[in-house]
Each structure stands twice: as C-alpha cells, then as structure tokens.
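*Asks:* Mind looking over this structure? Questions follow.
The values are calculated or read from the model by the stated rules, or taken from the named source; none is laboratory data. In this text the structure is predicted, and so the values were computed from the model without any measurement. Every residue, glycine among them, receives a Cβ derived from its backbone with ideal geometry; neighbour counts consider all protein chains shown.
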Amino acid sequence: MSGNIAFNLQIGDFAMKFQKTIAILSFIIALLISSVACGFTFETAPVFTPEVEVVLPTQEVEETVAVQLIELTTPLQQPTAAAEPIITTSEEAILVEMYRRINPAVVSVLTYDLQKNIVVSSGQGSGFLYDTNGHIVTNSHVVHGADQVEVLFSNGLSVKGKVIGQDLNSDLAVIKVENVPADAQPIPLGHIEDVAVGQTVVALGNPFGLDGTLTKGIVSALGRTIPALTTFSIPQAIQTDAPINPGNSGGPLLNLKGEVIGVNAQIETRGNSRSNSGVGFAIPVSIISRVVPELITNGKFEWSWLGVVGGNLNSTTREAMGLSVERGAYISEVVNGGPAQLAGLHGSTREINYDSRIIEIGGDVIVGINGVEVSTFEDILIYIALNTIPGQQVDLTIVRDGKTQNVPLTLQPRPPGSSEFVHP
C-alpha cells in the first residue's frame, strides 16, 4: 500500500513538473514570436523561470500585430526605381540621342582684344565642328576684329583657334584648331530643299555663356532677307521660334536628323531688348555649303554683283505703269558703273501721285534670268547668290514700256563696304 502511495506521489510530482515545463516552453515560444513580430533580438542570458501560469496569444492579437507590421514597414520602404519605366515619346528619344551625339561638336568661341599690352575678354559666341581637319564654323561678327580666339569644347578642353577666313557679306567665318576631342565628330549639312515651315528644329549653343544649351522650336518661315555686316543682304534666311539669345551666334540650327540647316545669327527685338522674343534668324545651309569651302581654301568668298536696288512689283506700280505682267523684280535704281548700268538697265525715272500715293515709275521689271522665272526681288538675289560667279554672263528677261526683251549682262564682284549691325 505504501509503495503504491509513493509511486502515485512520484507520478504526481512528475506530472506537475511536466506541466510546468510545458508552460515554460509555451511562454518562451510566445515570447519569441512576439519578439520577431516586433523586430527585437535577444542575446544569450540566464534563463529566468517564473512560477506563473502562461497565457498564449490569441488569434485576434496575432492579427493586430500583423496589421501593425504592415503599417509601420510600408512608409519606410523608399523605392530605388520606378515600378514601371517612364515611356518617352519618339521625339524625346531623338532629342536625347541628338544631344549626346552632337553636343561634343558644338563649341564656345571666346574672343580677346589687346588693350595697352593687356589681353582682355571681348566677346563670346558659339560654333560647330565642320570637318575632321579641325575647322570650326561660326559667325563673322563673333570673331571679326578679335586679336585672339579661344575654342572651348564641351568636355572642358580649351584650345587656341586661328581665324583662317571670314565673309562679312554672309556673316560666316571659319576657325582652325589643332586639337579636337575624340568624341567630337563633324556635324553633317542638310539641304535647304528639305526644310519646310512647321518642321521641328533644334538650336545648340551657349546663350549668355551657358554652354551646352539645347532649345527647340519650329521653322516659322523661309526665304527671309536679313542684313549682313555690309550694305548687302543675306537671302533665303530661316526664321525660327527656337529660343536663341546672345551667345547662340554661330551655333547650329539642326533638323531632327541631326543635320545643320542653318547658323544662328540674329534675333528680332525691335530694339527693345537683346533677348529672344520668338523671332530668330539663321543663315541658310544653302549659303553655308557655298561659302565655307571657299573660306577654308582661299580665306574669302567672292559674291557676284548685279548692281541694282529695288523691290517686288506691286499692284499700284503695275497699274500706274500700265503693265500686263503681274509679278517681277522692280528696279528703282541702278548703281553707277555697276553691271546693270553697263548692260543698259533702267531704274525709276520719276515720281508721281497715283491713287493718293507717291510712287516711282519708269524702271525695268526683271521677270526672268537664264530662263528661270523671277516673281520677286528675292528670287533675283537668290539666283545671283547661289548660281553665279563674278565674270559670268547672264541673260535677263525684262519688261520695259510694256514690252518684253532680253538683256545680256556680265556680273562683277561685289564692291567692298561695311555697315555697323548689332547681332545677338
């Protein structure tokens, strides 16, 4: 009997110890779960075993902990990249690639003057690499009269430049440098025939000294006539609203193929400011491709000269003179000793009051040159500039006293002469 009692006591003690052990293990497990959920870690320490009853977490507590975990963790996760890539338009991709490829060939042109044996900064413009021989195209007004020229590439390389040719009549100049960065590749020229009003264009340059600036716009108009640095004019200029400002002069105007279609040269401000107002002008690629090779080879360009002053034939003059021709280039004046006078062309002979207007009459009207129709005065300027050389004979078709006749004329080189003109 006593043996059974002792055995039963041992069984009871074992059961109680077993229950305590289970309770302790349950408490430790619950504590570990709670510590993991709350982000705590424990180092090894003496185990403390309380003689208390352990209550395990309920399902509701576990759900609360889980919700708190999400609420605390989510705001702290700063994304390192967008979940989905930003989709760019094709034009954006073109502009980004164009800048990467072409900007190394666009330069800052810095000019210096020597004053009292001290070199001082005198101006700043832009330019672009024309060929693999280190020829840089810029505006003549950027470098004209400078004692020293420095060319700064986009990678920071600064080299001395030498002006080897310039033409005041087209406001173009060529600088030669000996060192060119490896990533600076010549920019190809486009074709004026491919330029259209409304197409997107890009200007690259250094407005206000801010190098490597890209601006975008459209071709606003074609066939503008703009002043040169002489008494003559530059025909076929491109008008654009791409922002160009002081410092852009000499930089390229590009199409989306990355071709040069013009050299940025002037802005229209009506004298109120020197900043862009949405009307800028670029010397056309048709002039660039004709003048620049001659500047590289000979240092100058010889323009043909007709020796006339005039404008478009308008309806008032046409009616007053009783002409049947509707369009043409009206000659108001022929220059003494010039090709037109030597060929016998006539300018205006008198002024009259017609329809309450004072107009000039009596001048010849040019309606053709070498078989090509002439509708405006711009037409005759463009043909002479782009298709002839000094000493060449051309056949003019004119209307005089209501009759059409042909007049042979031998072109001369333009006489020297300059006038002050402010460019950006």
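*Asks:* Taking region 209-236 only, how many residues are out of contact with any Ser or Thr (no Cβ under 7 Å at 6 or more places or on another chain) and under 22 Å from Ile102 (Cβ atoms)? Break it down into steps so the answer makes sense when it comes.
*Replies:* Taking region 209-236 as the starting set, the residues that turn out to be out of contact with any Ser or Thr (no Cβ under 7 Å at 6 or more places or on another chain) are 209-210, 213-215, 221-224, 232.
Remaining after also requiring under 22 Å from Ile102 (Cβ atoms): 209-210, 213-215.
The qualifying residues number 5.
*Asks:* Only one of these conditions is not met by Leu210: (1) over 15 Å from Ser286 (Cβ atoms); (2) in contact (Cβ under 8 Å) with a residue 40 or more places away in the chain. Which number is it?
*Replies:* If we test Leu210 against (1) over 15 Å from Ser286 (Cβ atoms); (2) in contact (Cβ under 8 Å) with a residue 40 or more places away in the chain, just (2) comes out false.
*Asks:* Another question, then. Select, from Leu204, Leu229, the only residue that is part of a loop (DSSP other than H, G, I, E, B), buried (at least 20 other Cβ atoms within 10 Å of the Cβ) and hydrophobic (A, V, I, L, M, F, W, C). Reasoning before the result, please.
*Replies:* Values: Leu204 fails: part of a loop (DSSP other than H, G, I, E, B).
It is Leu229.
*Asks:* Give the number of residues within region 148-206 that are in contact with an Asp or Glu (Cβ under 9 Å, 6 or more places away or on another chain), more than 22 Å from Glu97 (Cα to Cα) and acidic (Asp, Glu).
*Replies:* Counting residues in region 148-206 that are in contact with an Asp or Glu (Cβ under 9 Å, 6 or more places away or on another chain), more than 22 Å from Glu97 (Cα to Cα) and acidic (Asp, Glu) gives 1.
*Asks:* Which one of Val163, Val149 is closer than 27 Å to Ser286 by Cβ, surrounded by 13 or more Cβ atoms within 10 Å (Cβ to Cβ) and either in contact (Cβ under 8 Å) with a residue 24 or more places away in the chain or under 20 Å from the mean Cα position of the chain (by Cα) (or both)? Even if it seems obvious, please write down each step before you answer.
*Replies:* Details: Val163 fails: either in contact (Cβ under 8 Å) with a residue 24 or more places away in the chain or under 20 Å from the mean Cα position of the chain (by Cα) (or both).
Only one candidate qualifies: Val149.
*Asks:* Quick check on Gly310: is it in the same structural domain as Gln341 (by TED's automatic domain parsing) and either crowded, with 22+ Cβ neighbours inside 10 Å or touching a helix residue (DSSP H, G or I) at 6+ places or on another chain (Cβ under 7 Å) (or both)? Explain how you work it out, then say what you get.
*Replies:* Numbers: in the same structural domain as Gln341 (by TED's automatic domain parsing): yes; either crowded, with 22+ Cβ neighbours inside 10 Å or touching a helix residue (DSSP H, G or I) at 6+ places or on another chain (Cβ under 7 Å) (or both): yes.
Yes.
Per-residue answers, yes or no, for (1) in contact (Cβ under 8 Å) with a residue 12 or more places away in the chain; (2) of a type in the set (Ser, Thr, Tyr); (3) farther than 17 Å from Pro235 by Cα:
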position	(1), (2), (3)
Gly311	yes, no, no
Arg318	no, no, yes
Ala329	yes, no, no
Val335	yes, no, yes
Leu345	yes, no, yes
Asn353	no, no, yes
Val365	yes, no, yes
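*Asks:* In this structure, is Leu110 under 21 Å from Asn255 (Cβ atoms), in the same structural domain as Asn179 (by TED's automatic domain parsing), in contact (Cβ under 8 Å) with a residue 40 or more places away in the chain and not hydroxyl-bearing (Ser, Thr, Tyr)?
*Replies:* Judged against the criteria, Leu110 is not a match.
*Asks:* Only one of Asn179, Asn169 is assigned to a loop (DSSP other than H, G, I, E, B), over 16 Å from Ile288 (Cα atoms) and assigned by TED's automatic domain parsing to the domain that holds Ser277; which?
*Replies:* Asn179
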